[in-house]
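The values are calculated or read from the model by the stated rules, or taken from the named source; none is laboratory data. These figures come from a predicted structure and were not determined experimentally. Ideal geometry is used to build each Cβ from the backbone, glycine not excepted, and the neighbour counts take in all protein chains shown. Surface accessibility is based on the protein's heavy atoms, side chains included, excluding ligands, DNA and RNA. Shrake-Rupley method; radii C 1.70, N 1.55, O 1.52, S 1.80 Å.
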Amino acid sequence: MASADRWYLIVITLFAIIAFMPWARTVEVGGMSMFGWLMALLMVFSPAIALVQLLIRKNRGDHSDA
Amino acid sequence: MTLERTLVILYLFGCVIIGALASKRVLASRDEYWVAGRRIGTWVNAMAIMAALASGGSIIGVMGLAYGRGIPYTLSLFAGAVIGFPLASILVAKPLRNFGKFTITDFLAFRYPHPAVRILVPFLIVVSFTVYIVAQMKAAGITAETLLGIPYQQAVTLSAVVFVLYVSIGGMLAITWTDVIQGTLMLIVILGTALAMMAQNGAPTNIIAEATAKAPELGQVANEPLGSYLGLFVIWAAAIPVIPHIVMRVFTAKDPQGARLSLNIAMVVYSIMILAAVMVIVPVGKIAFPNLQDADQVFLEVMKYQFPPLIRGLAVAAVIAAVMSTTDALLLACSSAISHDLLGNYLKKHVSEKVENRINVAIVWVVGGVAMLFAYSPPKLITEFYSAAIGMLSAGLFVPVVAGLWWKKANLTGGIASIVIGAGVYLVVQFSPSFPPLSAILYGLPASALSMVIFSWLGSPMAEDLKSTIERLHR
């Protein structure tokens, strides 16, 4: 597995763990729990980062694991 | 109703025409029927993946779930699905595309060579996908009932006949062509509706603040136990890399890189659509219709009372498109599970490819008919209903697929044990009243992983030629 993929999986997993922590469920921002906002952020950034990472590797001609 | 009905009839007729056109190419060959000749380009494949996942559940169900159980609960499901895409892209897309067969069962039967695999895996797929199809048919039925005034059972029957017809005659090629149209239609309607609402009510943060001031439960986590939130997240994160109708899309890609790229593009489009639905349309719906009996009706009520007939017609077409784009892929995956995975070896020896494809057509009709009968008595909250069914697939298949690709010590004993014990523990917990709803995956998945480790340790190591083939899949 490419190291970029490995790091991506680690960061996403850590983010998900933080989102499911008890404090994220009790704190509310703008009427919605922080957990909800973190899930929404995950839905925006996770795909965007994965796509950018893949396109960068494609442009570099790195087909080792893409 | 005339304009709406005309639009929907034109749309359905178009889908059948596409199926008929595609049938000329696909019925002659196994490769053409199941994986569209393996020559689908990246953007088309991405749109088809997005449309296959964005089901009636993703339009009717997602909004019903958010309305009934709150936005955070719903986002935990869809964030799980979004995480599932990079998991699929990183863990399975390249090696499975290099494997070059038709189905997830093909890979598992090759990696864990035992006749039981060709019975167990199709069984899990057919059971869970039939439940999934029933939920889709409910979405089609209530949409046509609410917005077109067609009685529920007639609407279910009509939609079932149309999509069974074009799947059965057009195979994967028809599904791909129609999925692109259906995906585009869904995007236009959901994003268009959300933008129109934002023009009236301001940014999503304002809309959510206003809605949660009137209905605080919409933004809270308190509604369900933590196990249910985590369970929903994990079910979908683990499902995407192994769910057959998405994996079959990996096999249709031109090359491994195209397979990965199309998964990632699909994920971006899917996220935008779901967030627009949950964070804009649902809060507006909650303000306008705070006491709906059936939460799954929220989008339909919004369309019915706040938009003109032309937009309503497009909305019906979009919902039916969402239902069809998923149901067609599910029907094809069910059909492949029976005729290719379960009966494939027998059929290959005894009948020609053309006859085999005729049998596929018959199986599509049988599965569609059975699901239609169940859909006449529909479940509440369809997204929860089909998520529970998909959880069984995640619990039974995620570990054997991923370990089969990435863990050299995984062997036949471990593979079969992880399928049986993962799915078995999931079912026991799911039907036990003492566990939170949808939390069964939190027991099924670890049980599957633990079984893989323990039974692989007890069994014989993988054969050397199998090991070298698996290594070649990663190159």
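Can you spot a residue in the range B:341-348 that is open to solvent by less than 10 Å² (accessible area, probe 1.4 Å), more than 28 Å from B:GLY14 (Cα to Cα), of a type outside the set (A, V, I, L, M, F, W, C) and in a helix (DSSP H, G or I)? Yes: the range B:341-348 contains one or more residues that are open to solvent by less than 10 Å² (accessible area, probe 1.4 Å), more than 28 Å from B:GLY14 (Cα to Cα), of a type outside the set (A, V, I, L, M, F, W, C) and in a helix (DSSP H, G or I). Whether any residue in the range B:263-272 is modelled with pLDDT of 85 or more and farther than 24 Å from B:LYS94 by Cα is what I want to check. Yes, there is a match, as at least one residue in the range B:263-272 is modelled with pLDDT of 85 or more and farther than 24 Å from B:LYS94 by Cα. Listed by first and then second residue, the pairs linking a residue in the range B:274-287 that is more than 17 Å from B:ALA315 (Cα to Cα) to a residue that is outside any helix (DSSP H, G or I), with Cβ atoms under 7 Å apart and 6 or more places separating them unless they lie on different chains, are B:LYS286/B:ALA215.
A quick yes/no check of all residues on (1) within 13 Å of chain A (Cβ to nearest Cβ); (2) in a helix (DSSP H, G or I); (3) within 23 Å of the chain's Cα centre (by Cα):
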| site | (1), (2), (3) |
| --- | --- |
| B:ILE188 | no, yes, yes |
| B:ASN206 | yes, yes, no |
| B:GLU224 | yes, no, no |
| B:ALA238 | yes, yes, yes |
| B:MET267 | yes, yes, yes |
| B:ILE272 | yes, yes, yes |
| B:ALA276 | yes, yes, yes |
| B:ILE281 | no, yes, yes |
| B:ILE287 | yes, yes, no |
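The residues in the range A:34-48 that are more than 7 Å from chain B (Cβ to nearest Cβ) and in contact with a helix residue (DSSP H, G or I) (Cβ under 7 Å, 6 or more places away or on another chain) can be counted, and the count is 2. Across the range A:1-12, the number of residues qualifying as at the interface with chain B (Cβ under 9 Å from one of its Cβ atoms) and either of a type in the set (Gly, Ala, Ser) or under 15 Å from the mean Cα position of the chain (by Cα) (or both) comes to 6. For A:ILE12, the conditions (1) open to solvent by 10 Å² or more (accessible area, probe 1.4 Å); (2) under 28 Å from B:GLU210 (Cβ atoms) all hold with the exception of (2). Going by what's in this entry, would B:ALA238 be described as in contact with a Ser or Thr (Cβ under 8 Å, 6 or more places away or on another chain) and buried (at least 24 other Cβ atoms within 10 Å of the Cβ)? The answer is yes for B:ALA238.
Does at least one position in the range B:249-258 carry a residue that is touching a Gly at 6+ places or on another chain (Cβ under 6 Å), modelled with pLDDT under 85 and within 14 Å of chain A (Cβ to nearest Cβ)? Even if it seems obvious, please write down each step before you answer.
First, the residues of the range B:249-258 that are touching a Gly at 6+ places or on another chain (Cβ under 6 Å): none.
Within the range B:249-258, none of the residues are touching a Gly at 6+ places or on another chain (Cβ under 6 Å), modelled with pLDDT under 85 and within 14 Å of chain A (Cβ to nearest Cβ).
State yes or no: is B:LEU310 open to solvent by 10 Å² or more (accessible area, probe 1.4 Å), within 17 Å of B:ASN45 (Cβ to Cβ) and either among the basic types (Lys, Arg) or assigned to a helix (DSSP H, G or I) (or both)?
Working: open to solvent by 10 Å² or more (accessible area, probe 1.4 Å): yes; within 17 Å of B:ASN45 (Cβ to Cβ): no; either among the basic types (Lys, Arg) or assigned to a helix (DSSP H, G or I) (or both): yes.
Spelling it out, it is not the case that B:LEU310 is open to solvent by 10 Å² or more (accessible area, probe 1.4 Å), within 17 Å of B:ASN45 (Cβ to Cβ) and either among the basic types (Lys, Arg) or assigned to a helix (DSSP H, G or I) (or both).
Kindly check whether there is at least one residue in the range A:17-33 that is within 9 Å of chain B (Cβ to nearest Cβ), of a type outside the set (Lys, Arg) and touching a residue at least 40 places away in the same chain (Cβ under 8 Å). Looking through the range A:17-33, none of the residues is within 9 Å of chain B (Cβ to nearest Cβ), of a type outside the set (Lys, Arg) and touching a residue at least 40 places away in the same chain (Cβ under 8 Å). Looking only at residues in the range B:417-443 that are of a type in the set (Phe, Trp, Tyr) and modelled with pLDDT under 90, which one is nearest to the chain's Cα centre (by Cα)? Filtering the range B:417-443 for residues that are of a type in the set (Phe, Trp, Tyr) and modelled with pLDDT under 90, the one nearest to the chain's Cα centre (by Cα) comes out as B:PHE431.
State all residues of the range B:383-417 that are over 21 Å from B:SER76 (Cα atoms) and among the aromatic types (Phe, Trp, Tyr); if no residue qualifies, say none. Steps first, answer last, please.
Here is the first cut: in the range B:383-417, the ones over 21 Å from B:SER76 (Cα atoms) are B:396-397, B:399-417.
Within the range B:383-417, B:TRP406, B:TRP407 qualify.
Among the residues of the range B:430-440, are any within 20 Å of B:ALA337 (Cα to Cα) and either touching a helix residue (DSSP H, G or I) at 6+ places or on another chain (Cβ under 8 Å) or not in a helix (DSSP H, G or I) (or both)? No, there is no match, as no residue in the range B:430-440 is within 20 Å of B:ALA337 (Cα to Cα) and either touching a helix residue (DSSP H, G or I) at 6+ places or on another chain (Cβ under 8 Å) or not in a helix (DSSP H, G or I) (or both).
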